[in-house]
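Okay, so here's the structure we're looking at.
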Amino acid sequence: MPDEEDDDGGLHRVEFHFQEGFTGQSFEILVAGKLRASVTARTRFQTGLAHIEPVMLRDGEEVIIRQKDTGAQRKVHLHPGRPFVTLTLVNGALKIDALDQTPGYL
């Protein structure tokens, strides 16, 4: 089975899991200042999941999550060995965590 890292300068797959609290908000994932993905998140109450967005990243690239309707943005702190980033909306504030295992859903 191939390693997560490939021969092209430390390329890694990171999954952004939009989970609880989303009611149709739109977000952009910016990598090194460039738009990499656009997501509209709406949590499915049966599973606690709104959307999973996989993104290929190089070591050290800066990642910003920007909420399109408010312009609010947050830098994502990526950690080696934690390729699963969970995002939860709590009272309008975005909570971001990096995990080493895939989050479970029903």
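The values are calculated or read from the model by the stated rules, or taken from the named source; none is laboratory data. Small disclaimer: the values here were computed from a predicted structure and weren't measured. A quick note on method: Cβ atoms are made from the backbone with ideal geometry, for glycine too, and the neighbour counts reach across all protein chains shown.
Restricting Thr40, Thr47, Thr102 to residues that are of a type in the set (Ser, Thr, Tyr) and either surrounded by 15 or more Cβ atoms within 10 Å (Cβ to Cβ) or assigned to a strand (DSSP E or B) (or both) narrows the list to Thr40. Quick check, is Glu28 in a strand (DSSP E or B) and farther than 20 Å from Leu11 by Cα? The answer is yes for Glu28.
The combined condition, being assigned to a strand (DSSP E or B), within 12 Å of the chain's Cα centre (by Cα), surrounded by 15 or more Cβ atoms within 10 Å (Cβ to Cβ) and in contact (Cβ under 8 Å) with a residue 12 or more places away in the chain, is fulfilled by Leu94. Residues of segment 5-32 being loosely packed, with under 12 Cβ neighbours inside 10 Å and either hydrophobic (A, V, I, L, M, F, W, C) or modelled with pLDDT under 95 (or both), which ones? Within segment 5-32, Asp7, Asp8, Gly9 meet the criteria.
Taken over segment 69-86, the criterion of being more than 11 Å from Ile29 (Cβ to Cβ), in contact (Cβ under 8 Å) with a residue 40 or more places away in the chain, surrounded by 14 or more Cβ atoms within 10 Å (Cβ to Cβ) and not hydroxyl-bearing (Ser, Thr, Tyr) is satisfied by Leu78, Pro83, Phe84.
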